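Take a look at the structure set out below.
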Ligand code: SF4
């Protein structure tokens, strides 16, 4: 029987798409994945939710986390103080729809992002400090059983794919 080609949802900026808040990308070396024939499906939850590029950077409220944002008890705001919670939650749901449509169970996401962060996010003080936590789409993916990896964990992702 032919083995299915593994599918991984990936943050679009890691694939070189200029979708970041500053209008740039954050291209990672994805050759180890491409050489293994892994299908990479790009998503940008911030853009999917309707935020423009470029845009003011956003951070989850201090003392809050992605779980509370998804539950509606806290906000994610931009550096101008505008509430962007609706766009983040909508974007995350749309990316989850894409992941489900592709039957993807793995995601390679850009760490430190308020949407895609898998281990770290900014503190909410807009002072460059970081704290442990996940971004909004990473939290939603985790809740739906999608395994999370970030750009520092490409080797671990490859090992996971080889196991399955
Ligand atoms: Fe990259 Fe995710 Fe930020 Fe979009 S939301 S620019 S994919 S880190």
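We did not get these values from a lab; they are worked out from the coordinates using the rules stated. On a predicted model such as this, the values are computed, not experimentally measured, just so you know. Neighbour counts run over all protein chains shown; Cβ positions are idealised from the backbone, glycine included.
Do we find that residue 38 is in contact with a strand residue (DSSP E or B) (Cβ under 9 Å, 6 or more places away or on another chain), closer than 16 Å to residue 139 by Cα and touching a residue at least 60 places away in the same chain (Cβ under 8 Å) in this structure? Answer is no for this residue. Please specify each residue of segment 118-130 satisfying the condition of being within 13 Å of the ligand (Cβ to nearest atom) and buried (at least 17 other Cβ atoms within 10 Å of the Cβ). Hits for segment 118-130 are 118, 121, 122. Contact annotation: residue pairs with Cβ atoms under 9 Å, 6 or more positions apart or on different chains, pairing a residue in segment 11-22 that is without any contact (Cβ under 8 Å) to a residue 24 or more places away in the chain with a partner that is within 9 Å of the ligand (Cβ to nearest atom), are 16/25; 16/26.
Taking helices (runs of 4 or more DSSP H) as the structural unit, those lying wholly within segment 1-117 and holding at least 1 residues that are surrounded by 13 or more Cβ atoms within 10 Å (Cβ to Cβ) and within 15 Å of the chain's Cα centre (by Cα) correspond to 45-48, 66-71, 85-102. Can you confirm whether segment 75-87 contains a residue that is away from the ligand (no atom under 13 Å from the Cβ) and touching a helix residue (DSSP H, G or I) at 6+ places or on another chain (Cβ under 7 Å)? The answer is yes, given that some residue of segment 75-87 is away from the ligand (no atom under 13 Å from the Cβ) and touching a helix residue (DSSP H, G or I) at 6+ places or on another chain (Cβ under 7 Å). Taken over segment 41-80, residues that are touching a strand residue (DSSP E or B) at 6+ places or on another chain (Cβ under 6 Å) and more than 27 Å from residue 100 (Cβ to Cβ) amount to 4.
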